[in-house]
Amino acid sequence: MSALVKNIGVILLLIGIILMAGTYIGGALTNGILAIGLFIVIAGYVLHIVLNKKVE
């Protein structure tokens, strides 16, 4: 269970990257979708750092 908790930040990073890549490939480059993807990537990055310091 702790392995899943430690990797949840990385999972969020991948979801954000897939979201942004999907909008690029699909050709629907709207700022709203890209901003949501950016927010997910930043949140995943911060969450990854925080969780790896808290969970051992």
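Throughout, read-outs are computed from the coordinates displayed, never taken from laboratory work. The model shown is predicted, which means the values in this text are computed figures rather than measured ones. Cβ atoms come from the backbone with ideal geometry, glycine included; neighbour counts cover every protein chain shown.
Determine whether TYR45 is at negative phi, of a type in the set (Ser, Thr, Tyr) and in contact (Cβ under 8 Å) with a residue 24 or more places away in the chain. So TYR45 passes the test.
Residues in the stretch 1-37 that are under 8 Å from the mean Cα position of the chain (by Cα) and free of Cβ contacts under 8 Å to residues at least 40 places away in the same chain: VAL10, ILE11, LEU12, LEU13, LEU14, ILE15, GLY16, ILE17, GLY37.
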